[in-house]
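These notes are about the structure you will find just below.
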């Protein structure tokens, strides 16, 4: 049976400016998601599903898809408004995709096995994919279970602007209890990390809080629950119809409390970094070069 990696790459990247999903950041021109694919293949994944926009198709295949297809099975799903459930028609003025739940649901006809989900513009680390691969084996026989790799909040903020994170609470056994989607997290000059969404002075957050970076593991039954949740979200009149997004942490939190979904928080020593803003690029490039220089990766992927 396949072990599948779903890569969400259809985001507009409005804060970054440009197609950050295919920006060449590694020391030999590697795209950031190539590291995730490299690490996933080493961990035993043998199928990759890219979620992109149709307008990106040719550029994406030339930049990475055709290269990856020589190593693993490759499929494409398209995050467009015509894939919204129930024939929902968004407001004419809306240009944004409908978030990470919509992205995952676009791949429902391509995936029939346990699968992992990642962002295209994040670096997750080798250990993270090894832990996730082991978890997916367990999900083959536990359909109402899921898993996630968590990272420390202090290691996931950007000095170049605010970020959104799913702040997690776990129980004594290491299972997820709650995910609080927190939208405007910013490091302050005094060293604190604060949520400034509702207060410009910010609410101070625990720097060692565990957060979701959208490295999830799901059983295929997750698609049925996700479609219903997305349909309800789209019909809900609350929120800004031009900007609101349907996000994975919120869906997972709902399923834990309404359907008994059990989510294992995976232990890993992996280090995360990513490019939310263009100013993040130089730092990420430097970190990737260190990983090549210390032998974590070959001279060129």
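The values are calculated or read from the model by the stated rules, or taken from the named source; none is laboratory data. For clarity, every value in this text was computed on a predicted model and none was experimentally measured. With ideal geometry, Cβ positions are generated from the backbone for all residues, glycine too; neighbour counts draw on all protein chains shown.
Here are the numbers:
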{"quantity": "Residue match in segment 224-241 (condition: closer than 23 Å to residue 150 by Cα, touching a strand residue (DSSP E or B) at 6+ places or on another chain (Cβ under 6 Å) and in contact (Cβ under 8 Å) with a residue 60 or more places away in the chain)", "calculated": "no"}
{"quantity": "Output for segment 285-298, where each listed residue is under 16 Å from residue 37 (Cα atoms) and loosely packed, with under 10 Cβ neighbours inside 10 Å", "calculated": "298"}
{"quantity": "Complete set of residues in segment 87-110 that are more than 17 Å from residue 225 (Cβ to Cβ) and crowded, with 19+ Cβ neighbours inside 10 Å", "calculated": "97"}
{"quantity": "Among (1) touching a helix residue (DSSP H, G or I) at 6+ places or on another chain (Cβ under 9 Å); (2) in a loop (DSSP other than H, G, I, E, B); (3) within 27 Å of residue 24 (Cα to Cα) - the single one residue 216 does not satisfy", "calculated": "(2)"}
{"quantity": "Given (1) more than 17 Å from the chain's Cα centre (by Cα); (2) surrounded by 18 or more Cβ atoms within 10 Å (Cβ to Cβ); (3) more than 11 Å from residue 234 (Cβ to Cβ), number of the condition residue 84 does not satisfy", "calculated": "(3)"}
{"quantity": "Residue 88 vs. criteria in contact (Cβ under 8 Å) with a residue 60 or more places away in the chain and touching a helix residue (DSSP H, G or I) at 6+ places or on another chain (Cβ under 8 Å)", "calculated": "yes"}
{"quantity": "Test: residue in segment 185-208 that is at pLDDT below 95, in contact with a helix residue (DSSP H, G or I) (Cβ under 8 Å, 6 or more places away or on another chain), outside any loop (DSSP other than H, G, I, E, B) and under 25 Å from residue 257 (Cβ atoms)", "calculated": "no"}
{"quantity": "Qualifying position, being under 26 Å from residue 120 (Cβ atoms), modelled with pLDDT under 90 and touching a helix residue (DSSP H, G or I) at 6+ places or on another chain (Cβ under 9 Å), among 245, 181", "calculated": "181"}
{"quantity": "Matching entry among 69, 63 (being surrounded by fewer than 20 Cβ atoms within 10 Å (Cβ to Cβ) and modelled with pLDDT under 90)", "calculated": "63"}
{"quantity": "Residue among 242, 266, 247 that alone is within 19 Å of residue 96 (Cα to Cα) and within 18 Å of the chain's Cα centre (by Cα)", "calculated": "247"}
{"quantity": "Filter result for residue 252 (in contact (Cβ under 8 Å) with a residue 40 or more places away in the chain and in a strand (DSSP E or B))", "calculated": "no"}
{"quantity": "Lone unmet requirement of (1) outside any strand (DSSP E or B); (2) crowded, with 17+ Cβ neighbours inside 10 Å; (3) at pLDDT below 95 for residue 138", "calculated": "(2)"}
{"quantity": "So residue 284, is it closer than 25 Å to residue 156 by Cα, outside any loop (DSSP other than H, G, I, E, B), at pLDDT 95 or above and in contact with a helix residue (DSSP H, G or I) (Cβ under 9 Å, 6 or more places away or on another chain)", "calculated": "no"}
{"quantity": "Flag if residue 116 is over 17 Å from residue 246 (Cα atoms), touching a helix residue (DSSP H, G or I) at 6+ places or on another chain (Cβ under 7 Å) and at pLDDT 95 or above", "calculated": "yes"}
{"quantity": "Every residue from segment 164-176 that is in a strand (DSSP E or B) and either under 19 Å from the mean Cα position of the chain (by Cα) or exposed (fewer than 14 other Cβ atoms within 10 Å of the Cβ) (or both)", "calculated": "164, 165, 166, 167, 168, 169, 176"}
{"quantity": "Candidate set from segment 111-120 (those that are in contact with a strand residue (DSSP E or B) (Cβ under 7 Å, 6 or more places away or on another chain) and surrounded by fewer than 23 Cβ atoms within 10 Å (Cβ to Cβ)); member that is farthest from residue 138 (Cα to Cα)", "calculated": "119"}
{"quantity": "Residue under evaluation residue 75, criteria (1) out of contact with any helix residue (DSSP H, G or I) (no Cβ under 8 Å at 6 or more places or on another chain); (2) touching a residue at least 24 places away in the same chain (Cβ under 8 Å); (3) assigned to a loop (DSSP other than H, G, I, E, B); (4) surrounded by fewer than 23 Cβ atoms within 10 Å (Cβ to Cβ), criterion not met", "calculated": "(3)"}
